[in-house]
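Below is one structure, written out as structure tokens; comments come after it.
Here, each number is a calculation from the coordinates, and none is a lab measurement. Here the structure is a predicted model, which is why all the values come from computation and not from measurement. Every residue, glycine as well, gets a Cβ built from its backbone with ideal geometry; the counts of neighbours run over all protein chains shown.
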Amino acid sequence: MTVVRGTRCPASLEVVMIAALKAHAAWLVNALGVNRNPLRRPIDRMAAGISVLLLVAALIAIPASVLFGTALHTGLTQQAAESAATTRQVTAMLTTAPELSAPASEAYSQDALGSTAVAEWRTGPAQQPHTETIQVPADSSVGDTVTVWVDQAGNRVPPPASAGSVTASAIFAAVLVLLVIELTCIALIVGTQHFARRVCMRAWEREWAFLQHGGTWSQR
């Protein structure tokens, strides 16, 4: 027996997808056609029209998501600039020894453990003291210094977003919005056509039962 190697199955996923797209496009053309077709029902035309509108919405969502991402990037960049202008870095001193913020039984490795300690820093003309529990390296000790970001009142705040994080956030949000819109359009198209097929099948069943009892085909 001869074994042929290196051959590909003709019914590959790509071929199946292309065939499905062609069949769907043919159905849309026939359902929206202006010629008289005795097999076409009003529900077919309505389902095809809704499908086309949803396809257009899915296409419009692509540039809309790009514009959304661009606007979000601009807004986040402005917020980061304002944060950088109203915050500053100060040196804080650890006043307590680090403690594990999670029990060792819940961590998979030593690197996964988080350590916290109380840090103190002074700001303002009167050198007003501020203290807060912050994340620190596990090998820290009392008296070590760390850098924290504070606002104009000396309260600890998150550091300003970097340009890289702003870009990543804008891209992630734009892709997420596009994905949600595309999946919603696909779900609505599938649901609309499934509903239309159910209506058509019930209509055919009623028509066939009517014909079996001597009726005349309405061609609707």
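Can you pull the one-decimal nm distance between simple spin-label points at V15 and E82, each 7 Å off the Cα toward Cβ?
Each label point lies 7 Å from its Cα, and together they span 5.9 nm.
Count the net charge of all other residues whose Cβ sits under 12 Å from the Cβ of T123, scoring Lys and Arg as +1 and Asp and Glu as -1.
Values: positive: R88, R122, R156; negative: E120, D151.
Net charge in that neighbourhood comes out at +1.
Work out, step by step, the length gained on full extension between Q135 and R45: first 0.36 nm times the residue separation, then minus their alpha carbon distance; give nm to one decimal.
26.2 nm
Would you please give the FRET efficiency between S165 and V90, computed as 1/(1 + (r/R0)^6) with r the Cβ-Cβ distance and R0 = 22 Å, to the nearest 0.05? Walk me through the intermediate numbers first.
Values: r = 22 Å, r/R0 = 1.00.
About 0.50, to the nearest 0.05.
Can you list residues from other chains, or at least 5 along the same chain, whose modelled amide H is less than 5 Å from the amide H of D144?
Result for D144 returns L94.
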